[in-house]
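First the structure, in the form of structure tokens, and then the observations on it.
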Amino acid sequence: MQTASTILLVFISTSMLIISHATSLRFHYINPRNSTTTTTTTTKSSQSPSSSSGSSAHRSHNPSLTLLHRDTISGSTYPSRRHAVLDLVARDNARAEYLVRRLSPASTYAPTDLGSEVVSGLDEGSGEYFVRVGIGSPPTEQYLVVDSGSDVIWVQCRPCAQCYAQTDPIFDPAASASFSGVSCSSEICRMLPGSGCGDAGGCQYEVSYGDGSYTKGVLALETVTFGGTAVQGVAIGCGHRNRGLFVGAAGLLGLGWGPMSLVGQLGGAAGGAFSYCLASRGAGGGSLVLGRSEAVPEGAVWVPLVRNPQSPSFYYVGLSGIGVGDERLPLQAGLFQLTDDGAGGVVMDTGTAVTRLPQEAYAALRDAFAGAVDGLPRAPGVSLFDTCYDLSGYTSVRVPTVSFYFDEGATLTLPARNLLLEVDGGVYCLAFAPSSSGMSILGNIQQEGIQITVDSANGFVGFGPNTC
């Protein structure tokens with residue numbers, strides 16, 4: 001594989017584009033504080049594992065791509081904000097329940113794929129972010145779903161025995177000068193638990209899930225182009241039989257923690273790290289940078305990543321508590337702990353919009369928040385949101401801080417605008433929900449406006465001040 005320059009992908013936030021009309025209502029903290037802090041005794045979480053990487057001159061030449069929201073690809077429109085939010089909630093519930101099933105110790109799921117299953121975009125809820133990349137030589141432009149919880153990279157390929165509808169023409173490997181099939185005796189093929197040998201000795205793969213979604217085909221090495229940067233020798237699945245609801249995407253681009261994800265395959269070129277920043281609702285796009293860079297600004301705090309041996313593709317963080325205002329919530333010790341058998345824990349997921357918390361933690365957060373804004377007029381709940389307010393007569397609202405206390409002393413205080421989601425004209429709801437299990441999910445609404453760097457090589461995630 002050739003050495004590639006750092007690759008920039010541009011993200012657009014799920015919740016921001018689902019709600020088509022930006023609001024002029026501004027949120028301010030009752031008790032303002034720094035967005036990121038760390039205790040003086042915690043050295044690991046205050047130092048950047050990426051601080052010694054590369055020169056700024058080298059890091060500044062980053063090819064860029066624009067990632068589009070699913071509604072841009074599918075052409076979906078909504079008669080009202082409420083309809084848009086209800087559609088978002090339906091997908092979000094599906095994604096959250098998928099993660100609960102997938103990450104449960106009692107799950108009967110057995111992977112037979114490149115490291116992470118691919119399910120339908122509807123049931124998994126993963127088809128929210130699309131990136132435009134070039135596949136092959138010369139590059140054929142394709143939309144791919146981007147998923148930080150998956151290791152697989154695959155596209156639909158001709159000849160197509162069974163394919164779902166996609167926006168672009170299906171990729172034809174016969175028209176690519178750089179397409180090279182992988183032998184079933186190769187080391188790459190042996191890395192795949194579900195691989196097998198085809199009639200001509202090629203490496204076959206199959207990615208499947210119990211809901212009937214799948215992709216089946218051959219493993220190959222191919223050139224993938226990000227903007228002006230061509231990365232040679234990327235292992236991709238070339239799917240000749242595919243089924244799923246991927247809203248026009250040609251396949252999937254995995255950024256998970258496994259060796260077959262794009263980050264894992266880039267190795268030294270990406271340094272085992274990537275950064276992203278989901279723009280605040282109504283503020284335009286965001287960005288994701290593959291590789292080590294200056295993306296995390298001064299003042300970022302670093303939190304150890306936690307590896308779940310049962311589901312090694314997902315990024316977990318160690319959370320010790322939650323605070324509302326200046327008070328830490330009285331929660332039982334170990335409520336957010338990842339157990340030895342893979343239960344519980346806090347998984348970071350850009351495919352889930354609304355942060356899920358165990359019932360005890362959610363109830364305490366909800367009650368503390370409601371108590372701090374007792375003077376705001378309440379509104380009926382909407383779908384999974386049970387704490388809503390009619391703010392149609394307001395131009396500015398003061399809310400209490402909500403902080404996450406991580407292991408080893410780091411603290412992340414969420415931006416005030418990340419706490420309430422507009423669900424109807426002037427009606428806002430607390431953008432958290434109870435989990436159906438003991439697992440917590442840090443969703444993309446709460447991640448908005450925060451520069452986040454995942455340094456999987458060194459086992460850290462960094463949270464920076466509001467930068468987008």
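The values are calculated or read from the model by the stated rules, or taken from the named source; none is laboratory data. None of these values were measured; they are calculated from a predicted model. Note that each Cβ is placed from the backbone with ideal geometry, even for glycine, and that neighbours are counted across all protein chains shown. Heads up: the accessible areas ignore ligands, DNA and RNA and are worked out on the full protein's heavy atoms, side chains in. Shrake-Rupley method; radii C 1.70, N 1.55, O 1.52, S 1.80 Å.
Counting only protein heavy atoms and using a 1.4 Å probe, what share of the accessible area of the range 354-468 belongs to carbon plus sulfur, as a whole percent?
Answer for the range 354-468 is 49 percent, counting heavy atoms of protein chains only.
Mind listing the long-range amide H neighbours of residue 225? Cut-off is under 5 Å, sequence gap 5 or more, other chains count too, H placed in the peptide plane at 1.01 Å from N.
Placed amide hydrogens put 134, 135, 136, 231 under 5 Å from residue 225.
Probe of 1.4 angstrom, ligands and nucleic acids ignored: what's the accessible area per residue over the range 339-468, in square angstrom?
That works out to 28 Å² for each residue.
Quick one: dipole size for the range 331-426, taken about the Cα centre, charges +1 on Lys/Arg Cβ and -1 on Asp/Glu Cβ, in debye to the nearest 20.
Value, rounded to 20: 380 debye.
State, as an integer percentage, the relative contact order of the range 369-468 based on alpha-carbon contacts under 8 Å between residues 6 or more apart.
Values: 135 pairs, mean separation 20.7, N = 100.
Rounded, it is 21 percent for the range 369-468.
Peptides 408-421, 329-342: what's the order by average Cβ count within 10 Å, highest mean first? All intermediate terms of the calculation are to be shown ahead of the outcome.
Details: 408-421: 22.4, 329-342: 15.1.
Sorting 408-421, 329-342 by mean packing, highest first, produces 408-421, 329-342.
Place the peptides 350-358, 366-374 in order of packing, highest mean first, counting for every residue the other Cβ atoms within 10 Å and averaging per peptide.
Top to bottom by mean Cβ count within 10 Å: 350-358, 366-374.
What distance in nm lies between label points placed 7 Å from Cα along the C-beta direction at residue 333 and residue 436?
3.3
How much length would be gained if the chain were fully extended between residue 174 and residue 141, taking 0.36 nm per residue of separation minus their Cα-Cα distance, in nm to one decimal?
10.3 nm
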